[in-house]
1. List the residues, sorted by chain then number, that are 5 or more residues from Ser68 or on another chain and whose placed amide H is less than 5 Å from its amide H.
2. How many nm separate the modelled label positions at Ile36 and Ser62, each set 7 Å beyond the Cα in the direction of the Cβ?
3. From the square roots a ≥ b ≥ c of the eigenvalues of the alpha-carbon gyration tensor of region 1-73, which class results: rounded (a/c under 1.5), prolate (a/b over b/c), or oblate?
4. If amide hydrogens are placed 1.01 Å from N in the peptide plane, which non-local residues have theirs closer than 5 Å to the one on Lys42?
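Only the coordinates and a few stated rules stand behind these numbers; no lab work does. No experiment lies behind these values; they were computed from the predicted model shown. Cβ placement follows ideal geometry from the backbone for every residue including glycine, while neighbour counts extend to all protein chains displayed.
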Amino acid sequence: MALDTKSFVDNLIKENYTHLCVVPCSFAKYVINEAINNENIKYVPCASEAVACSVAAGLKMSGKKTFSNSTVIRCNKYGKLYHQLTQTL
């Protein structure tokens, strides 16, 4: 089942998320596009997951609620799913 990106972003907004800190990639392109086209959440493009976590941490310290693709399940080169340890801050 495919992710309904509009519902996903709308749920982030409903949960008071203010920023989406994501590394641009084909995996997240539909979520990124939905966030770009929604004025209620800000998209912050990041060069790497480490940058996304750093930006999210800074925004969290300033009182914002952020979503970073470091919390998204990724697929390693062997095709096994794993969850990165850097969870929502």
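1. Correct list: Cys21.
2. 2.2
3. Note, shape of region 1-73 comes out oblate.
4. The list, which skips near neighbours in sequence, is His19, Leu20.
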